[in-house]
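Remarks on the structure that follows.
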Amino acid sequence: MSTSGLFAGGAWVQGGEALDVKNKYSGAALGSVATARPEDVEAAIASAHKHAEVMAEMPVHKRAEILLRAADLIKQRKEALARTIAAEAGKALKIARVEIDRSALTFMLAAEEARRIHGETLPLDAVPGGEGYFGFWLRRPVGVVGAITPFNFPLNLVAHKVAPALAAGNSLVLKPAEQTPLTAVALFEILLEAGVPPGAINLLHGDGAVVGDAIVTDPRVAKVSFTGSAAVGKIILGRAGIKKVTLELGNSSPVIVAPDADLDVVAKRCAFGAFVYSGQVCISVQRIYGDKRVFEPLSERLVKATEAMVVGDPLDEKTDIGPMIAEKEAERIDGWVKEAQAAGAKVLTGGKRQGPVYWPTMLSGAKAGMKVMDQEVFAPVASVIACDDFEESLRQANATGYGLQAGVFTRDIGRALQAIKKLDFGGVVINDIPTFRADHMPYGGNKQSGLGREGLRFAIEEMTNIQMVAIKS
Ligand code: NAD
């Protein structure tokens with residue numbers, strides 16, 4: 001059982017300075033973990049390096065069994081885990097429960113994918129000189145995976161790294177976000193109980209630029225899997241050296257509303273996608289492009305759907321929207337909205353802050369040049385924008401440095417196909433919001449939204465090396 005929350009070299013270790021964790025709504029103390037000292041980082045990486053072979057040699061059926069046991073334990077501890085997330089991340093309890101269900105599924109999917117890791121034979125005599133060779137390729141584990149995760153899905157985004165890493169036969173060093181370490185500790189307790197060899201998984205806490213950087217730059221770490229902001233992603237890419245790197249970064253998610261769309265459905269789904277978890281989701285709805293012929297009724301419905309959201313204590317069953325992760329984030333977005341207002345945007349509803357809570361806010365008249373349009377808002381603020389026609393809305397949707405997911409509402413197959421062809425995003429969702437994600441689908445972004453893809457099969461591909469074998473007869 002953990003006291004420090006720091007797991008390195010096959011045991012819970014004492015570590016250094018305490019990192020206190022608070023309830024993000026009330027500010028009450030929740031607990032603390034120990035930050036990793038340089039010697040803890042060394043013990044963790046050395047242990048993962050030593051146990052890479054143990055994991056690689058573990059039969060696939062055993063890896064799959066462990067992953068399934070972990071999924072079962074997550075399900076059994078659903079309520080406790082959901083309450084931890086609601087308190088330390090400020091996520092509404094009912095939404096936190098969905099995250100727990102998805103995390104169990106992520107482990108189950110990883111168990112299935114573990115059994116499907118395979119290569120192909122290759123006719124080497126397809127080229128001159130290949131006569132007499134028998135060829136095939138296979139996938140080998142990379143060795144040590146270094147995983148660095150953000151605060152917003154403290155269980156499922158950790159699961160999206162830990163589960164495929166173990167499924168592929170790798171060992172692991174994880175550094176979760178400073179704001180939400182307690183959920184990661186609870187997951188490690190589960191992984192150990194499920195039967196993961198203790199030295200193969202290591203959990204370090206602390207400052208990203210110190211502990212995270214030590215993982216990224218260590219030559220024994222063969223692959224870095226990072227989810228977080230584009231700014232940190234860029235630093236990591238510059239620091240990692242020659243190793244595999246996956247970056248799952250931010251977005252400025254557009255939604256395109258064609259004149260033929262069902263506006264009631266659009267408004268309800270957009271309000272959910274823009275405001276769930278206070279907009280702190282990488283695929284939160286940020287820019288809603290409505291055809292000018294339906295702009296007025298669309299705006300009215302969006303305001304109504306926004307105002308139906310219940311704001312309050314995330315541990316209250318009725319709450320839809322809790323606080324932001326920190327008061328300074330609520331102050332930041334308050335400043336961005338005021339800046340947009342000063343430049344001519346209109347607050348249709350919301351625009352209110354109380355401590356770390358920012359009320360769901362719908363803007364109109366937002367333009368390029370305003371932070372709410374040019375940057376990732378990562379807050380409960382969305383803008384509805386009138387467009388002359390469908391082509392124009394596709395152009396505007398693409399006018400961003402990001403490219404993770406986009407949503408398009410239309411009942412016209414021609415428009416849907418045109419959108420799929422034109423939108424420069426890693427995922428295009430037709431007739432729903434870009435906030436849709438199924439945990440096995442390839443998930444990741446173009447442009448500044450990142451490199452590589454997650455989703456179990458795709459994460460496993462990124463966490464394995466292809467080995468070619470040529471046998472001369
Ligand atoms: P962040 O980039 O501030 O931090 C993420 C992690 O990186 C933390 O664990 C942090 O300690 C660590 N870190 C910070 N500096 C580091 C450094 N120099 N070297 C190594 N590690 C370092 O992000 P955040 O505020 O926790 O999360 C919000 C961001 O994450 C948003 O931009 C959001 O869009 C993005 N996100 C993306 C996805 C996705 O799948 N694409 C999912 C969730 C969140």
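The values are calculated or read from the model by the stated rules, or taken from the named source; none is laboratory data. Just so it is clear, the model here is predicted, and its values are computed rather than measured. Virtual Cβ from ideal backbone geometry, glycine too; neighbours counted across all protein chains shown.
Brief remarks on what is shown
- Identity of the residue in the range 215-236, assigned to a strand (DSSP E or B) and within 8 Å of the ligand (Cβ to nearest atom), that ends up surrounded by the fewest Cβ atoms within 10 Å (Cβ to Cβ): T227
- Comparison of R293, R239 shows that the only residue that is out of contact with any strand residue (DSSP E or B) (no Cβ under 8 Å at 6 or more places or on another chain), within 16 Å of the ligand (Cβ to nearest atom) and touching a residue at least 24 places away in the same chain (Cβ under 8 Å) is R239.
- When residues of the range 162-180 are limited to those that are touching an Asp or Glu at 6+ places or on another chain (Cβ under 8 Å) and not small (G, A, S), the one surrounded by the most Cβ atoms within 10 Å (Cβ to Cβ): P164
- Near pairs, Cβ below 9 angstrom, 6+ apart or cross-chain, from the range 222-235 (in contact (Cβ under 8 Å) with a residue 24 or more places away in the chain and more than 22 Å from V142 (Cβ to Cβ)) to any residue that is within 6 Å of the ligand (Cβ to nearest atom) and hydrophobic (A, V, I, L, M, F, W, C): S229/L249; S229/F378; A230/L249
- Considering residues of the range 447-473 that are part of a strand (DSSP E or B) and within 16 Å of the ligand (Cβ to nearest atom) only, the residue surrounded by the most Cβ atoms within 10 Å (Cβ to Cβ): G450
- Selection count where residues are touching a residue at least 12 places away in the same chain (Cβ under 8 Å) and either among the polar types (S, T, N, Q) or assigned to a loop (DSSP other than H, G, I, E, B) (or both), scope the range 1-21: 10
- Test for V276: is it within 16 Å of the ligand (Cβ to nearest atom) and of a type outside the set (S, T, N, Q): yes
- Residue list for the range 29-44, restricted to those being touching a residue at least 12 places away in the same chain (Cβ under 8 Å) and within 15 Å of T180 (Cα to Cα): L30, G31, S32, V33, A34, T35
- Annotation note: of T435, T410, the sole residue that is assigned by TED's automatic domain parsing to the domain that holds R353 and more than 26 Å from the chain's Cα centre (by Cα) is T410.
The rows are residues; the columns are (1) more than 26 Å from G450 (Cα to Cα); (2) in contact (Cβ under 8 Å) with a residue 24 or more places away in the chain; (3) not assigned by TED's automatic domain parsing to the domain that holds Q375.
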| site | (1), (2), (3) |
| --- | --- |
| S393 | no, yes, no |
| G401 | no, yes, no |
| L404 | no, yes, no |
| G414 | yes, no, no |
| L417 | no, no, no |
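- Conditions (1) over 17 Å from G455 (Cα atoms); (2) within 16 Å of the ligand (Cβ to nearest atom); (3) in a helix (DSSP H, G or I); number of the one not met by T106: (1)
- Strands (runs of 3 or more DSSP E) (entirely within the range 132-214) containing at least 2 residues that are farther than 16 Å from S225 by Cβ: 133-141
- Among the conditions (1) surrounded by fewer than 17 Cβ atoms within 10 Å (Cβ to Cβ); (2) within 26 Å of A397 (Cβ to Cβ); (3) not polar (S, T, N, Q), the only one that V310 does not satisfy is (2).
- Any hit, the range 288-297, residues being under 23 Å from the mean Cα position of the chain (by Cα) and under 30 Å from S229 (Cβ atoms): yes
- Checking each residue in the range 346-363 for being among the hydrophobic types (A, V, I, L, M, F, W, C) and part of a strand (DSSP E or B) picks out V347, L348, V357, M362, L363.
- Considering the conditions (1) assigned by TED's automatic domain parsing to the domain that holds F390; (2) at positive phi, F275 is excluded by exactly one of them, (2).
- Only residues that are of a type in the set (V, I, T) and under 22 Å from the mean Cα position of the chain (by Cα) were counted in the range 193-209, giving 1.
- Only one of D439, D424 that is among the charged types (D, E, K, R) and away from the ligand (no atom under 15 Å from the Cβ): D424
- Test for M441: is it assigned to a helix (DSSP H, G or I) and modelled with pLDDT of 95 or more: no
- E317 meets all of the listed conditions (1) surrounded by fewer than 20 Cβ atoms within 10 Å (Cβ to Cβ); (2) under 19 Å from W359 (Cβ atoms); (3) not hydrophobic (A, V, I, L, M, F, W, C) but one, namely (2).
- Residues of the range 191-214 classified as of a type in the set (A, V, I, L, M, F, W, C), surrounded by fewer than 22 Cβ atoms within 10 Å (Cβ to Cβ) and more than 12 Å from the ligand (Cβ to nearest atom), total: 2
- Condition met for K244 (within 23 Å of G403 (Cα to Cα), without any contact (Cβ under 8 Å) to a residue 12 or more places away in the chain and either under 22 Å from the mean Cα position of the chain (by Cα) or more than 7 Å from the ligand (Cβ to nearest atom) (or both)): no
- Test: residue in the range 9-31 that is closer than 18 Å to N170 by Cα and either surrounded by fewer than 22 Cβ atoms within 10 Å (Cβ to Cβ) or not basic (K, R) (or both): yes
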